[in-house]
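One structure below.
The values are calculated or read from the model by the stated rules, or taken from the named source; none is laboratory data. Bear in mind that the values here come from a model prediction, so they are computed numbers and not experimental data. Cβ: placed from backbone, ideal geometry, glycine included. Neighbour counts: every protein chain shown. All accessible areas refer to the heavy atoms of the entire protein, side chains included, with ligands and DNA or RNA removed. Shrake-Rupley method; radii C 1.70, N 1.55, O 1.52, S 1.80 Å.
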Amino acid sequence: RPAERLVRSVVPDIAPDRLGRVVQLAGGNPYYLEELLRRVVERGTDGLPDTVLAVIASVIDRQEREARRILRAASVFGETLWRGGVAALLGGHAGDVDVAAWLDALSDREVLTRTGGTRFAGEVEYRFRHGLLREAAYATLTDADRTTAHRLAAEWLERAGEPDALVVAEHFEHGGEPARAIPWLLKAAIAAYDGHAWQAARALVE
């Protein structure tokens, strides 16, 4: 009932059967309901996606080519990302893309959210508004692009001073550079040992 009231407040003249379909597709998840409503307002109720994953994928698909490039690069870092990191992943292709402007535009569209603070001094930090948005963007990367992107992400985090050694190690591993991951795994193991997390330390050493 709360979902139905919300739908009617946004689309007062929606037909009862269409209303029922929107509410059913949302499945009680406020985020899914919001995205479905956004689609109804933009395109009407014809052609609504049949699954929640299709709703999430459609958010990525309807962005401009440059915005999709930004989101793919951003997704490599996880749910939290940084302006400089995204620019580093785009590398030589960043020259024709205004990274800052697109990140702010995606924030205005509520795909990303600009955080109040930042992990790294001098960097602007963003988060994907929902974890599934990040997963949808990450899924559009090819295996080769994913490997290269993780290596570049590890190198950028290394320069930026990432305090979590395991994060850098995992990026190097996913980036096809296991040897470069070893010093970071060792650093993470020592931190776990010093914190008396014996099982974690042993796992990291292994």
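Here are the numbers for this structure:
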item: Of all accessible heavy-atom area on the chain, the percent that carbon and sulfur account for (1.4 Å); result: 52 percent
item: For E125, residues with placed amide H under 5 Å, excluding near neighbours; result: T115
item: Cα point-scatterer Debye curve for the chain, base-10 log of I(q)/I(0) at q = 0.12, 0.16, 0.17, 0.19 Å⁻¹; result: -0.72, -1.02, -1.09, -1.23
item: Sites matching trypsin sites (Lys or Arg not before Pro) across segment 138-168 that sit in DSSP coil, with at most 12 neighbouring C-beta atoms within 10 Å; result: none
item: Residue-span extension gain [E42 to T142] - 0.36 nm each, minus C-alpha spacing; result: 33.0 nm
item: Q24 versus E158: modelled label distance in nm, points set 7 Å from Cα along the beta carbon direction; result: 5.4 nm
item: Radius 9 Å from Cβ of A160, net charge of other residues (Lys, Arg +1; Asp, Glu -1); result: -1
item: Two-decimal log10 I(q)/I(0) for segment 99-149, as the Debye equation yields it once each C-alpha is a single scatterer, q = 0.17, 0.18 Å⁻¹; result: -0.64, -0.71
item: Whole-number accessible area per residue in Å² for the chain, which is evaluated in the context of all protein chains at 1.4 Å; result: 54 Å²
item: Label-point separation, D61 to T113 (7 Å along Cα→Cβ), nm; result: 2.6 nm
item: Rel. contact order, % - alpha carbon contacts under 8 angstrom, at least six apart, the chain; result: 14 percent
item: Among H196, H174, H130: highest mean-square fluctuation, GNM of the chain, C-alpha pairs under 10 Å; result: H196
item: Additional length obtainable on full extension of the chain from A100 to R68, 0.36 nm per residue less Cα span; result: 10.1 nm
item: Rg/Rg_globular for segment 87-206, with Rg_globular taken as 2.2 N^0.38 Å and Rg from C-alpha atoms; result: 1.21
item: Degrees separating the helix 143-160 axis from the principal Cα axis of the chain, which is the longest one; result: 60 degrees
